[in-house]
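Below is one structure, written out as structure tokens; the observations come after it.
Each value in this text was obtained by applying a stated rule to the coordinates, not by laboratory testing. As the structure is a prediction and not an experimental result, all values here were calculated from the model. Please note: Cβ atoms are built from the backbone with ideal geometry, for glycine as well, and neighbour counts cover all protein chains shown.
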Amino acid sequence: MKSMRFFLLICALTCALQSCIEPKTTEPIDPESLSIAEIHRLYQSEKLTAEALVELYLKRIDSINPQINALTLINPRALEIAKSLDKEYEQTGKLRPLHGIPMIVKDNINTIGMPTTAGSLALADFYPESDAFIIQRLEDAGAIILAKSNMAEWAFSPMHSESSTAGITRNPYNLDYVPAGSSGGTAAGVAANLATIGLGTDTGNSIRGPSSHNALVGFRSTLGLISREGIVPLYLRNDVVGPMVKSVEDATRLLEVMVGIDPKDPLTAYSKGKAESNYIQYLEKEGLKGARIGVFRTLSENDPDPEISALFNQAIRDMQSMGAVMVDFVEVPGFDELRQDQWCPTFRIDLEDFLQTYVKRDTLSKLEDVIRVGSKNEFAKNRVEYMAQMDPSEPASRPCGNVYEDERRVAFREAIEKTMDSLQLDALVYPSWNHRPALIGKFMEEYRGDNSQIISPHTGQPAFTVPMGYTSGNLPAGIQFLGRMYAEPTLIKLTYSYEQGTQHRKGPGL
């Protein structure tokens, strides 16, 4: 009898010990329902650990990523980092702002221990010596870099996401269609719940376009609010890095962590005194009540797909029902003239500076070296060769300055903001795309209606896209809110209210 009691005692102690060391998961986890706040609630209630969450996502990646080809490389240290964060929480009882939140990072952002390829053969074996400024801030906040994502090679294509390193990414809502570019891998991965949050970059479209095509929220913030240091550039004068996530709340939480002045990115000095430390306070469900929203038909009525047009007009009615004053047919004087000739193709100058600053190889310091290495992607190959034909030593026909000093960019912005002031508008709205996603094999012919390229990349103004419904074929569509410089608080209020009032987002069902 005594021996039996002793045996039962040993069994009980063994079971107790195992329950202490095994990941705590006492209820089924639906990855579609996971937000930053919900994950932290599960951590605090001891129903989930960061280690168990990473394992959940790794299993989904094994199952789903082969269908969409969104992710290119898994962080080999992800589980190790998760365990360390679990131990920290156990010891301190405190959660950092992004504690234990797995994220996808576009493969043009420097991350220690993982290659940063920009989808190219030239950078296929480039391992940066330091994290990009924003990666350091995100990791300091407790985020777990789970994976790098596929992208349009060198970020050239707004239409599709195809690289020499990984090939073509597919839209998880309909595998025959593009996820847009160039941050299509991040968009497809987050939409398919392969991680909780994601990062993209946006030169003209590449956060907002893929977010729209994948039923995500995408924030393009004011130029100068967030550092671009350590990111492979396309046209640095336009480039922004920002959140691509499932909700305005999660996008706001990322934004709050990423904002900050960086001595290595001089443009961020312009944000001194204009950035906020608490953006979460602007998540107001009644944020549309009393707001004045301008309907920018100049873009929305430019040859729209009838289904997109119907969704957009319904969005206008929805905002009215939520208490917004919709000011229709807003016109910006001189808009068609001001939008012309805004692009400055500075790819050679910007890329060569990146190569010489970060890659530091004699054999890879010029654009000609990139051409010599070659590409498997015909679209990217042609773009690189086109860029090489532009002689940077020739004087420009006009200045190609930053958004605060370039006269053409300032004039474009002032015309828009003066119109908004005269009508007392909080934001302008228009569809992020006037057309549905293109078929993968026909993206060149079917690429139409990309409104993201036209205003904010040149004026520097913030522009957020949120889901506004779906067209036939289960293809998502997004609506875009454009605000004044540093008006992120206003856009957060408006987009959060619209999102909460409509609840358009649904998972792709893979």
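Measure out, as a whole number of angstrom, how far apart the alpha-carbon centroids of the range 110-154 and the range 71-97 sit.
Measuring centre to centre over Cα atoms gives 18 Å.
What FRET efficiency do you get for ILE112 and SER472 if R0 is 45 Å and r is their Cβ-Cβ distance, rounded to the nearest 0.05? Intermediate results must be reported in sequence, preceding the final value.
Values: r = 45 Å, r/R0 = 0.99.
Plugging the Cβ-Cβ distance into 1/(1 + (r/R0)^6) gives 0.50.
Output the peptides 178-187, 43-52, 459-468, 476-485 sorted from most to least packed, where packing is the average of other Cβ atoms within 10 Å over each peptide's residues.
Peptide ranking by packing, descending: 178-187, 459-468, 476-485, 43-52.
Tell me the angle of helix 50-68 to the major Cα principal axis of the chain, expressed in degrees between 0 and 90 and rounded to the nearest ten.
The two axes meet at around 50 degrees.
Please determine, in degrees from 0 to 90 and to the nearest 10, the orientation of helix 306-321 with respect to the longest principal axis defined by the Cα atoms of the chain, where the helix direction is its Cα long axis.
Helix 306-321 sits roughly 80 degrees off the main axis of the chain.
Starting from the Cα-Cα distance between VAL410 and ARG448, subtract it from 0.36 nm times their residue separation and give me the gain in nm to one decimal.
The VAL410-ARG448 span can extend by a further 10.9 nm.
Identify all lysines with a Cα-Cα distance to LYS493 below 24 Å; exclude those on the same chain that are fewer than 8 residues away in sequence.
The qualifying lysines are LYS246, LYS272, LYS274, LYS285, LYS289, LYS418, LYS506.
Order by neighbour count: LEU338, LEU225, fewest other Cβ atoms within 10 Å first, most last.
Values: LEU338 21, LEU225 25.
In order of increasing Cβ crowding within 10 Å: LEU338, LEU225.
In which sequence would MET159, MET444, MET387 go, from the one with the fewest C-beta neighbours within 10 Å to the one with the most?
MET444, MET387, MET159
For MET258, MET103, MET151, which order do you get if you count the other beta carbons within 10 Å of each Cβ and list the fewest first?
MET258, MET103, MET151
Just one of [x] 138; [y] 147; [z] 159 is volume of the Cα convex hull per residue in Å³ calculated from these coordinates, so which is it?
Correct label, based on the coordinates given: [z].
Could you state the number of Å between the C-alpha centres of the range 316-332 and the range 168-187?
For the range 168-187 versus the range 316-332, the Cα centre distance is 31 Å.
Counting DSSP beta bridges with both partners in the chain, what percentage is antiparallel, nearest 5?
Around 65 percent of the beta bridges assigned by DSSP in the chain are antiparallel ones.
On a 0 to 90° scale, report how tilted helix 2-21 is relative to the longest principal axis of the chain, with both axes built from alpha carbons and the result rounded to the nearest 10.
That helix lies at roughly 10 degrees to the long axis.
Roughly speaking, what is the stretch gain from GLN503 to ARG77, that is 0.36 nm per residue apart minus the C-alpha to C-alpha distance, in nm to one decimal? The partial results should precede the final answer.
Details: separation 426, 0.36 × 426 = 153.36 nm, distance 3.56 nm.
Residue separation times 0.36 nm, minus the Cα-Cα distance, leaves 149.8 nm.
Can you bin the range 277-391 into rounded, prolate or oblate? Criterion: square roots of the alpha carbon gyration tensor eigenvalues sorted a ≥ b ≥ c, rounded for a/c under 1.5, prolate for a/b above b/c, oblate for the rest.
prolate
For the pair GLU55 and LYS264, what calculated FRET efficiency results from E = 1/(1 + (r/R0)^6), where r is the Cβ-Cβ distance and R0 = 35 Å, to the nearest 0.05?
According to the calculation, E is roughly 0.45.
Using a 7 Å offset from the Cα along the Cα-to-Cβ direction at both GLN340 and GLU32, what is the distance between the two label points in nm, to one decimal?
Each label point is offset 7 Å from its Cα along the Cβ direction, giving 4.8 nm.
Can you give the FRET efficiency to the nearest 0.05 for TYR386 and GLN356, using r as the Cβ-Cβ distance and R₀ = 22 Å?
Efficiency, from the Cβ-Cβ distance: 0.50.
Does a label point 7 Å from the Cα of LYS376, set along Cα-to-beta-carbon, have any residues of the range 112-151 with amide nitrogen under 19 Å, and which are they?
Answer for the range 112-151: 115-127, 148-151.
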